[in-house]
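The next block holds one structure in the form of structure tokens; read it before the comments.
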Amino acid sequence: MRRKVTKAIFPVAGLGTRFLPATKSVPKEIMTLVDRPLVQYAIDEARAAGIKEFIFVTSRGKGALEDYFDHSPVLEQELRKKGKDDLLEVLKDTYMESGAIAYIRQHQALGLGHAVWCARRLIANEPFAVILPDDVIAADKPCLQQMVEAYEETGGNMVAAMEVAPEKASSYGVLDVAEDMGRLTRVKGMVEKPPFGEAPSNLAVIGRYILAPSVMKNLNKMKKGAGGEIQLTDAIAQDIDNEQPVYGYRFDGKRFDCGSKAGFLQATVAFALARPDLRDDMLAYINSVALNASAAE
Ligand code: UTP
């Protein structure tokens, strides 16, 4: 029997410089899409995939993120007094079972691979998931759940993959494809941020991974890659030479790059339009803005 994936790492130690000045005091992962912080979407997706242990790799200034998962007795009491049962229900999603959540500090921002490696003792010898909360994926079946189901058949390592335009490939880790099987691709190499025109394919790695414990061992070598950072893609690619195959998984769903301003704003509009309580107001506003813009041209 293949070992179930029950642990997920959430690397959230980055500085989030693209959102300065906001990220001077607010962690990027606490910024909200409509009324829920990015991290809530990530936790919901992990829970749907069967994750039971949630490991956050944090850094200085991420206190608000840790507080977010605490119970808030004063607030609860106040809501109960006012009979706001609907809001009490909303708060339930933010609570974690005692001991289900752990915080590890990445003392220096040496790269995503290094952030993942910081959680090695909590992962021990088990397969694990990695979720980057700033990649938000809207999907009928949550992306990590799709991947866990596919992984139960394949084992090895699996990364979420998405087709990107050739001129965008140098912003991503890109798959070198050995065999394209449709939903799944078997990968023979991975290149992090390839120079323009040198990407081995148009399949980019998106922030969802299911990894074998051997990837942690590869990270022990602390090899620096693109941008002088310790890259997770390099450590995964090393497994191709070992006994663990690597698969790309073309997920069903729409991904938003909430680490960038344009992506975050697009996600805000999309998530607001998906909410029955906001949809009509938003549509009326978007239509009026579009009309005014075309009248001005
Ligand atoms: P990004 O490349 O988006 O970096 O990291 P960032 O610091 O979050 O944002 P910018 O580019 O300065 O605006 C991708 C993911 O990897 C994590 C980040 O927290 C984010 O979830 N990360 C990156 C770490 O945890 N540690 C690192 O050393 C680097």
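The values are calculated or read from the model by the stated rules, or taken from the named source; none is laboratory data. All values derive from a computational prediction rather than experimental measurement. Because the Cβ atoms are built from the backbone with ideal geometry, glycine has one as well, and the counts that use them run over all protein chains shown. We work out accessible area using only protein heavy atoms, side chains counted, and drop any ligands, DNA or RNA first. Shrake-Rupley method; radii C 1.70, N 1.55, O 1.52, S 1.80 Å.
If you take just the helices (runs of 4 or more DSSP H) that sit entirely in segment 4-108, which of them hold at least 1 residues that are at pLDDT 95 or above, within 25 Å of Pro213 (Cα to Cα) and of a type in the set (A, V, I, L, M, F, W, C)?
Working: elements: 38-48, 63-68, 73-81, 85-92.
Here the list reads 38-48.
Any idea how many residues of segment 1-34 are without any contact (Cβ under 8 Å) to a residue 24 or more places away in the chain and small (Gly, Ala, Ser)?
Total meeting the criteria: 1.
For segment 5-32, what are the residues that are within 7 Å of the ligand (Cβ to nearest atom), open to solvent by 40 Å² or more (accessible area, probe 1.4 Å) and over 26 Å from Ala100 (Cβ atoms)?
Scanning segment 5-32 gives Leu15, Thr17, Arg18.
Among residues belonging to segment 232-277 that are hydroxyl-bearing (Ser, Thr, Tyr) and within 15 Å of the ligand (Cβ to nearest atom), point out the one that is surrounded by the fewest Cβ atoms within 10 Å (Cβ to Cβ).
Applying the filter and picking the extreme gives Ser260.
Out of Ile230, Ile210, report the one residue that is touching a His at 6+ places or on another chain (Cβ under 6 Å) and among the hydrophobic types (A, V, I, L, M, F, W, C).
The match here is Ile230.
Return yes when Asp35 is over 17 Å from the mean Cα position of the chain (by Cα) and more than 16 Å from Gly99 (Cα to Cα) and no when it is not. Please lay out each step first, then the result.
On the way: over 17 Å from the mean Cα position of the chain (by Cα): yes; more than 16 Å from Gly99 (Cα to Cα): yes.
Considered against the rule, which asks whether it is over 17 Å from the mean Cα position of the chain (by Cα) and more than 16 Å from Gly99 (Cα to Cα), Asp35 comes out as yes.
Does Val191 satisfy the criteria of being among the β-branched types (Val, Ile, Thr), open to solvent by 40 Å² or more (accessible area, probe 1.4 Å), under 23 Å from Cys143 (Cβ atoms) and in contact with a strand residue (DSSP E or B) (Cβ under 9 Å, 6 or more places away or on another chain)?
Numbers: among the β-branched types (Val, Ile, Thr): yes; open to solvent by 40 Å² or more (accessible area, probe 1.4 Å): yes; under 23 Å from Cys143 (Cβ atoms): yes; in contact with a strand residue (DSSP E or B) (Cβ under 9 Å, 6 or more places away or on another chain): yes.
For Val191, the condition - among the β-branched types (Val, Ile, Thr), open to solvent by 40 Å² or more (accessible area, probe 1.4 Å), under 23 Å from Cys143 (Cβ atoms) and in contact with a strand residue (DSSP E or B) (Cβ under 9 Å, 6 or more places away or on another chain) - is met.
Could you give every pair whose Cβ atoms fall below 6 Å, whose first residue belongs to segment 100-129 and is open to solvent by less than 40 Å² (accessible area, probe 1.4 Å) and within 14 Å of the ligand (Cβ to nearest atom), and whose second residue is modelled with pLDDT under 95 and assigned to a strand (DSSP E or B), counting only separations of at least 6 or pairs across chains?
These pairs meet every condition: Gly111/Ile230; Gly113/Ile230; His114/Ile230.
Could you figure out which of (1) among the small types (Gly, Ala, Ser); (2) within 24 Å of Arg47 (Cα to Cα); (3) away from the ligand (no atom under 16 Å from the Cβ) isn't true of Gly189?
Only one criterion is unmet by Gly189, namely (2).
Would you be able to tell me the number of residues in segment 198-217 that are in contact with a strand residue (DSSP E or B) (Cβ under 8 Å, 6 or more places away or on another chain), open to solvent by 20 Å² or more (accessible area, probe 1.4 Å) and under 26 Å from Ile123 (Cα atoms)?
Of the residues in that region, 1 qualify.
Please tell me if Arg80 is touching a Ser or Thr at 6+ places or on another chain (Cβ under 7 Å), open to solvent by 30 Å² or more (accessible area, probe 1.4 Å) and of a type outside the set (Phe, Trp, Tyr).
In short, no.
Could you tell me whether Leu144 is in contact with an Asp or Glu (Cβ under 7 Å, 6 or more places away or on another chain), surrounded by 13 or more Cβ atoms within 10 Å (Cβ to Cβ) and either in a helix (DSSP H, G or I) or at pLDDT 95 or above (or both)?
yes
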